[in-house]
Amino acid sequence: MDLSKRAFLEAAALLIAESALPRRLAGSGRPDPGASAPRVVVAISGGVRMLETFSPEGFENIPHLVHDLGPRSLFFRRVRNEGVTAHFNATSSILTGNWQRLDDWGKLPPATPTVFELFRKQLGVAQSDTWVVASNKALTNMIGASSSGNYGPAYGANVVFPKQLMVTAVAEALRRGRSANMADRAKIEAEFESMLAGSNYEGLGWTVFDAADRLDPRTSAAIKEALAKFVQGGPTSGDELTFLVAREVMRRFAPHLLVVIFSDVEVAHFGSYALHLAGIRTCDRLMYELWQEVESNTDYRGKTTMFILPEFGRDPDGWATNGFFNHRANEESTRTTWMMALGAAVSKPQIIERPVRHVDLCPTIASLLGCPALEAQGERLAELRA
Ligand SMILES: [Zn+2]
């Protein structure tokens, strides 16, 4: 990514933090559990195969995971998705500890409580202390809270979709802008819309121009100008903005539980292997930058455990569903991936050979955060110290 794009995205992340995040702090609850209480960061990526990641052929795509993070991690070498290998089912299984069999497109909330609800209800934690920052709105809209009668949205997380917020902020800036040249404005808006549509993974998502967020008019002109430069630079990465907003959330709100969901790798559905590999490399770099923030941010350093894992693999080459394009096959390549744990709960770096499951993560996170044991299909991972 070139520097001007990065600079634009950093500005956009700040703008989003200014204009949209504070409004999301509504919600009841006592003040946070204390500055010294343990914190958990979970970074989830879309589907990546072992072949392109933790295999001799794949190492070159993930230099940071292999060389910078791997040697200090508890590395689970066999992590099974035994549920439905679709995005929403995977993330909601990870975050509830139960295999969820919901609508593949994320139109229904998880059926059992998420770790956010457990943490908030059992420990009386405020909503501002639990966040999800996700690249793909359509597939993660309902991830913040379950439909469980005893829990639900009253105990849910703040969920933000930076790319959508940027669309909204920019659309609003354009609407309110006092540009003398309407033709230019229309052109910028059209380019912006097509840029977003171009990374419209899964054929859903980012063309929504309907929300009513308000921007400070003083910033409108500057954004418009930055945007005009930005759209001329070609396609961009939704994950980059997701990372920048997640980092801003850490700096402003220091939540005890933060989940970041990246999805650039899902460009694979469009059939470009080169773009899929580029998505893996971006994700590798952003996961590392997220860890660097944990290590340099005084609210997080020394008391945070970070987990890194993909939602699932992808189909094997030669499969009827077109190999890496998809993630539907009931095969090792699709079901078995890996997970890395870093930080406070890791007593010594090592490789764990025994197979573990996605549903084991939620009880583990709950235990690290000090929640009483929960009833779930998953089991706490004993390799992590409480
Ligand atoms: Zn997908």
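Extending 7 Å from Cα along the Cβ direction at Lys348 and again at Arg78 yields two label points whose distance is 2.3 nm.
Using the Karplus relation 6.51 cos²θ - 1.76 cosθ + 1.60 with θ = phi - 60°, the per-residue 3J(HN,Hα) values for the stretch 86-98 come to 10, 4, 5, 4, 5, 5, 6, 5, 4, 8, 10, x, 10 Hz, with x marking Gly and Pro. Taking the Cα centre of the stretch 78-130 as origin and assigning +1 to Lys and Arg Cβ atoms and -1 to Asp and Glu Cβ atoms, the resulting dipole is close to 120 debye. Each residue of the stretch 258-269 was assigned a 3J(HN,Hα) from its phi angle through the Karplus expression (A = 6.51, B = -1.76, C = 1.60, θ = phi - 60°), giving 10, 10, 10, 10, 9, 9, 4, 4, 6, 4, 3, 4 Hz with x at Gly and Pro. Using Cβ point charges alone (K and R +1, D and E -1), the dipole size of the stretch 345-386 about the Cα centre works out to roughly 140 debye. The amide H of Arg357, built 1.01 Å from its N in the peptide plane, has Arg80 as neighbours under 5 Å, considering only residues 5 or more places off or on other chains.
Calculated FRET efficiency, Ser147 to Ala382, Cβ-Cβ distance, R0 = 30 Å: about 0.45 to the nearest 0.05. Average accessible surface for the stretch 28-101: 36 Å² per residue, computed with a 1.4 Å probe over protein heavy atoms with every protein chain in place. Between amide H atoms placed 1.01 Å from N, distances below 5 Å from Asn326 occur with Asp315, all of them 5 or more places distant or on a separate chain. Could you list the residues of the stretch 302-327 with an amide nitrogen less than 12 Å from a label point located 7 Å from the Cα of Glu57 in the Cα-to-C-beta direction? Residues 316-318, 324 qualify, since their backbone N sits under 12 Å from the label point. Derived scalar couplings between HN and Hα for the stretch 374-386 equal 10, 7, 7, 5, x, 10, 3, 7, 5, 5, 9, 7, 6 Hz in order, rounded to whole Hz, by the Karplus curve 6.51 cos²θ - 1.76 cosθ + 1.60 (θ = phi - 60°), x for Gly and Pro.
Gain in length, Leu275 to Asp317, computed as 0.36 nm per residue apart minus the alpha-carbon separation, to one decimal in nm?
Values: separation 42, 0.36 × 42 = 15.12 nm, distance 1.68 nm.
Answer, rounded to one decimal: 13.4 nm.
Between amide H atoms placed 1.01 Å from N, distances below 5 Å from Val260 occur with Val42, Ala43, Ile44, Val133, all of them 5 or more places distant or on a separate chain. In this structure Trp99 has an accessible area near 40 Å², from a 1.4 Å probe over the protein heavy atoms.
The values are calculated or read from the model by the stated rules, or taken from the named source; none is laboratory data. Owing to the predicted nature of the structure, the values given are computational and were not obtained by experimental measurement. Here the Cβ is made from the backbone with ideal geometry for all residues, glycine too, and neighbour counts use every protein chain on show. Ligands, DNA and RNA are stripped out before the accessible areas are found, and what is left, the full protein with its side chains, is counted by its heavy atoms. Shrake-Rupley method; radii C 1.70, N 1.55, O 1.52, S 1.80 Å.
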